[in-house]
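Worksheet for the structure shown next.
The values are calculated or read from the model by the stated rules, or taken from the named source; none is laboratory data. Predicted model, so just to flag it, every value in this text is computed and none were measured. Don't worry about glycine lacking a Cβ; one is built from the backbone with ideal geometry, like all the others, and counts go over all protein chains shown. These area figures cover heavy atoms from the full protein model, side chains too; ligands, DNA and RNA do not enter into them. Shrake-Rupley method; radii C 1.70, N 1.55, O 1.52, S 1.80 Å.
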Amino acid sequence: DVNDTIGQQDEIAMKVQEINDMSTLVEERKIKVREDFKSEPMNAVRQAKKLEQRVKMAEESQNANINKFRAELGRDISTVPGRIDEMRNQLADPRLSELKSDVDEVVDYLGEVEKKVVEIKENGRKYNIYQDELQMEVTPFINIEDLFKEFSMNKRLWTSKKEWADSLKRWRDSQFMEINIEEMALIVEKIGKASMLCAKELELNDVAKV
């Protein structure tokens, strides 16, 4: 680890300074010392130089890894527009705006599309975190938010349509006294609000107009 190595280098540098100070004191006062003590300063200096080289190599390696990761991140981000276009094409499927479309089939189809849309949105969030950590310019993924909104409206439209169809069938198959009027009122209100919102947001969708 670069930080650990730098810490060791600082410790040895302090040790070298202490030994040098002591050597100066010994020479000034002409104190007799063992020969092995005289070699201590040089040994410490050599050790400090080795550590300095290790720090340099570790920093170069770390910088190389950061630059490599930045390049990989840039390549991943460059694929986002193409993936958004692919999802827009899937949301342009004629079944989503045709009154004759099978509700269950469309809901299942949107379930598969949802996995990819959510993945793109999550990737965009992670990419921004990585960019911030690597001190890169953070990309505003506005198109991802627009895509997610468009998908959400389509999903709400068709899940509401399915809920309404399922509720009508259940009410028709039930005895009048068995129907929960309060539940019915809540479902009608909920689906009514969803229909109004979808009609506003999906102006070109014939299903949303009904």
Practice item. Find the residue count for region 139-156, including only residues that are free of Cβ contacts under 8 Å to residues at least 60 places away in the same chain and either assigned to a helix (DSSP H, G or I) or among the β-branched types (Val, Ile, Thr) (or both). Key: 9
Revision key, fill the gap. Scanning region 91-127 residue by residue, those charged (D, E, K, R) and within 27 Å of Arg75 (Cα to Cα) turn out to be Glu112, Glu114, Lys115, Lys116, Glu119, Lys121, Glu122, Arg125, Lys126
Exercise for review: Specify which of the listed residues (Leu186, Leu197) is open to solvent by 100 Å² or more (accessible area, probe 1.4 Å) and either touching a Ser or Thr at 6+ places or on another chain (Cβ under 7 Å) or part of a helix (DSSP H, G or I) (or both).
Suggested key: Leu186
Practice item. With the condition kept exactly as written, say whether any residue in region 141-153 is over 17 Å from Glu201 (Cα atoms), surrounded by fewer than 14 Cβ atoms within 10 Å (Cβ to Cβ), under 33 Å from the mean Cα position of the chain (by Cα) and of a type outside the set (Val, Ile, Thr). Key: no
Exercise for review: Could you grab me the full set of residues in region 70-103 that are under 30 Å from Cys198 (Cα atoms), among the hydrophobic types (A, V, I, L, M, F, W, C) and in a helix (DSSP H, G or I)?
Suggested key: Val80, Ile84, Met87, Leu91, Leu96, Val103
Check your understanding: Among all residue pairs at least 6 apart or on different chains, which show Cβ distances below 6 Å where the first residue, located in region 69-93, is touching a residue at least 24 places away in the same chain (Cβ under 8 Å) and farther than 17 Å from Lys115 by Cα and the second is in a helix (DSSP H, G or I) and open to solvent by less than 40 Å² (accessible area, probe 1.4 Å)?
Key -> Ile77/Tyr127
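Quick one: is Val210 in contact (Cβ under 8 Å) with a residue 60 or more places away in the chain, more than 30 Å from Leu73 (Cα to Cα) and over 36 Å from the mean Cα position of the chain (by Cα)?
Yes, satisfied.
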Check your understanding: Would region 84-97 turn up any residue that is open to solvent by less than 90 Å² (accessible area, probe 1.4 Å) and under 15 Å from the mean Cα position of the chain (by Cα)?
Key -> no
Study note, to complete from the structure: Picked from region 127-136 (must be modelled with pLDDT of 90 or more and open to solvent by 30 Å² or more (accessible area, probe 1.4 Å)), the residue farthest from Asp102 (Cα to Cα) is Asp132
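Please specify each residue of region 135-166 satisfying the condition of being of a type in the set (Val, Ile, Thr) and either over 17 Å from Ala92 (Cα atoms) or in contact with a His (Cβ under 7 Å, 6 or more places away or on another chain) (or both). Full working, then the answer.
Within region 135-166, the first condition is being of a type in the set (Val, Ile, Thr), and the residues that meet it are 138-139, 142, 144, 159.
Residues satisfying the conditions are Val138, Thr139, Ile142, Thr159.
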Practice item. Scan region 68-103 for residues that are of a type in the set (A, V, I, L, M, F, W, C) and over 17 Å from Lys126 (Cβ atoms) and jot them down. Key: Met87, Leu91, Ala92, Leu96, Leu99, Val103
Revision key, fill the gap. Within region 154-183, of all residues that are open to solvent by 50 Å² or more (accessible area, probe 1.4 Å) and among the polar types (S, T, N, Q), the one farthest from Tyr109 (Cα to Cα) is Gln175
